[in-house]
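Engineer: Right, I'll just put the structure down here and ask away after.
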Amino acid sequence: AWAAPMNEFWPQAEAVIIKATEGTGYVNPFCDSDFQRAKKDGKLRGFYHYASGGNPRAEAEYFYNHTKGYVRDGIPALDWEAGSNAAWGNTSWCRQFVDRYHELTGIWPMIYIQASAISQAANCAKDCALWVAYYPTNEYGWTNEKYGYDSARYPISPWKAITVWQFGSNPIDCNVGYLDKAAWLKIQGGSGTSAPAKPAKPKPAPKPANPS
């Protein structure tokens, strides 16, 4: 199970995924303290960027520049949601973001997305792990996971499998992972006994179309 940082569910969590950045102007001031706490407690770790829908390459660079110290020490993720996202509905934005992040690190970020919007990130399926949000019911909160993921109602294609499923948000975001520690370390880019991926040679980032 996953728990939000610094709350009553922290002791039960096997891993934590912490918001790091948003757009090109926000850094979570509690990110590093929570990340270091997770590391000290021996938990698997992840860190994510909330897309604001600006220039995707610029947002990937912003994410990387503020989380360099976490690379290969946790799974990076792109949070693709409708709220405060000027590019919601764009089917190429996520692809551009993950490509740029991979150029910088040699690692493919995991993608968080609601089940009904998977088509917006479908072109990332061959490279990126899937963190899907689908709530069977909000009535039972933490116990939602017992109902299982409804793949008939909300298919995950073209992904072949779910890596993390967010199944509820009462009283916090509730997630279950379908992977063991070895698989987690492989996705985060070669920790422990796995060899680190070799970063690709970065390409010059184009200037944003609308600097203002």
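The values are calculated or read from the model by the stated rules, or taken from the named source; none is laboratory data. All of these numbers come straight from a predicted model, not from anything done at the bench. Cβ coordinates were reconstructed from backbone atoms using ideal geometry, including for glycine residues, and neighbour counts include every protein chain displayed. Note: accessible area is taken over every heavy atom of the protein model, side chains too, but ligands, DNA and RNA are not part of it. Shrake-Rupley method; radii C 1.70, N 1.55, O 1.52, S 1.80 Å.
Engineer: Each residue of segment 89-101 in order: what ³J(HN,Hα) in whole Hz does its phi give by Karplus 6.51 cos²θ - 1.76 cosθ + 1.60, θ = phi - 60°, with x for Gly and Pro?
Structural biologist: Listing the rounded values in order: x, 6, 8, 10, 4, 4, 4, 5, 5, 5, 4, 5, 5 Hz.
Engineer: If you don't mind, there's one more thing I want to ask. At 1.4 Å probe size, with the rest of the protein present, what percent of the exposed accessible area of segment 45-99 is carbon and sulfur atoms?
Structural biologist: Answer for segment 45-99 is 42 percent, counting heavy atoms of protein chains only.
Engineer: Right, another one. How much accessible area per residue does segment 16-165 have, counting only protein heavy atoms and a probe of 1.4 Å, in square angstrom?
Structural biologist: 42
Engineer: What spacing in nm lies between the two simple spin-label points modelled at residue 26 and residue 160, each 7 Å away from Cα in the Cβ direction?
Structural biologist: 3.7
Engineer: Please list, ordered by chain and number, the residues whose modelled amide H lies under 5 Å from the amide H of residue 17; skip anything fewer than 5 residues away on the same chain.
Structural biologist: Amide H neighbours of residue 17: 3, 46.
Engineer: Is the shape of segment 7-113 rounded, prolate or oblate, going by the alpha carbon gyration tensor and its root eigenvalues a ≥ b ≥ c, with a/c under 1.5 for rounded and a/b larger than b/c for prolate?
Structural biologist: Cα axes put segment 7-113 in the prolate bin.
Engineer: Using each residue's phi in segment 43-58, evaluate 6.51 cos²θ - 1.76 cosθ + 1.60 at θ = phi - 60° and report the 3J(HN,Hα) Karplus result to the nearest Hz, with x for Gly and Pro.
Structural biologist: Coupling constants for segment 43-58: 9, 5, 10, x, 8, 9, 10, 8, 6, 9, x, x, 5, x, 5, 5 Hz.
Engineer: May I ask you to list the GluC sites (Glu not before Pro) in segment 38-100 that are in a DSSP loop and have at most 15 other Cβ atoms within 10 Å of their Cβ?
Structural biologist: Passing both the DSSP loop test and the Cβ count: 81.
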